[in-house]
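The values are calculated or read from the model by the stated rules, or taken from the named source; none is laboratory data. Predicted, not measured: the structure shown is a model, and the values here were computed from it. With ideal geometry, Cβ positions are generated from the backbone for all residues, glycine too; neighbour counts draw on all protein chains shown. Heavy atoms of the whole protein, side chains included, go into the accessibility calculation; ligands, DNA and RNA do not. Shrake-Rupley method; radii C 1.70, N 1.55, O 1.52, S 1.80 Å.
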Amino acid sequence: MDQKQGCVKKSNRKLNAVLILAVMMVVSFAGRIQAEAGNSAAAMYASIFDASFYARKYPDLVAALGTDENALLAHFLTNGMAEGRQGCAEFNVQYYMAKYPDLRATYGDQLPFYYMHYMSAGKLEGRQGNGTISNNTTQAAPASTASGAQPAASAANSEVDQVIALCNQARAQAGLSPLTKSEALCSVSVIRSNELVRAFSHNRPDGRSCFTVYDEHGIGYGYAGENIAAGQHSAQEVVNAWLNSAGHRRNIMNANYHKIGVGLVVQQGTIYEYYWTQMFTD
């Protein structure tokens, strides 16, 4: 049985799933970040936000908003990250910026991207989110290198770059300009791939549209799209699947898109194990 959307393919009595959905939406950028906070959102941001910590650290917010956890989370997502406020004991954006010059070279003074990086990739890589920086500190190799987690992250980055290269090959054959890799889009693509483990859908686990992840992290757009897939073990395999599906191909070949991000999350022991996301903007 082979279907284009929501298909489960069985072979040799072993589940080999290729689940692919594509969405292409043309959206007018409203120009303001909006966040919906709830219990599921609080769990999603647990590595960078704790409402009790936030309330204790910032009495000015308690005076204005009270101690409602949803209100405090909404402030953190829409204003607090941009202001550099500390959302929990685990993560301090000023420390993270100072400790990792490679991130500073990429993100500059765009503070929300450091929170996003730690939540979606840095913590998994073994990067330290808080501590003390001495004057002669240089960047050390992430602690997870010894345990083998860092090579896995490097392998994922290699697959990401190959996905982008293969998509640009297809665009070139159609006379289209290449897509530029966006680190910001890659970061939110990893967030979405993590969400796919819980809910394989263009809706996020809390029911909101996938495009709310752009708004939460200050990514502006006039045109935006998302491709998702699960079960493919390589860049070549997933790009082939996308290009052979009309909806996904339209996203990859859309002349309105100029930037791309790709996220790959591998979760051993889950039904599909490999979870892929492509996100596009103009």
Of the numbered conditions (1) over 18 Å from the mean Cα position of the chain (by Cα); (2) modelled with pLDDT under 85, GLN128 satisfies every one except a single condition; which is it?
(2)
Just one listed residue, out of SER187, SER209, SER201, is in contact with a His (Cβ under 9 Å, 6 or more places away or on another chain), of a type in the set (Ser, Thr, Tyr) and more than 17 Å from GLU159 (Cα to Cα), and it is SER209
Which residue, of THR281, THR277, THR180, THR212, is hydroxyl-bearing (Ser, Thr, Tyr) and over 15 Å from the mean Cα position of the chain (by Cα)?
THR180
Can you name every residue in the stretch 79-95 that is without any contact (Cβ under 8 Å) to a residue 60 or more places away in the chain and either open to solvent by 20 Å² or more (accessible area, probe 1.4 Å) or part of a loop (DSSP other than H, G, I, E, B) (or both)?
ASN79, GLU83, GLY84, ARG85, GLN86, GLY87, ALA89, GLU90, ASN92, GLN94
Of the residues ALA71, ALA98, ALA63, which is without any contact (Cβ under 8 Å) to a residue 24 or more places away in the chain, among the aliphatic types (A, V, I, L, M) and open to solvent by 20 Å² or more (accessible area, probe 1.4 Å)?
ALA63
Tell me, please, whether a residue that is open to solvent by less than 30 Å² (accessible area, probe 1.4 Å) and either over 19 Å from the mean Cα position of the chain (by Cα) or among the β-branched types (Val, Ile, Thr) (or both) can be found in the stretch 101-109.
no
From the list SER182, SER177, SER193, SER189, pick out the single residue that is farther than 23 Å from HIS117 by Cβ and hydroxyl-bearing (Ser, Thr, Tyr).
SER177
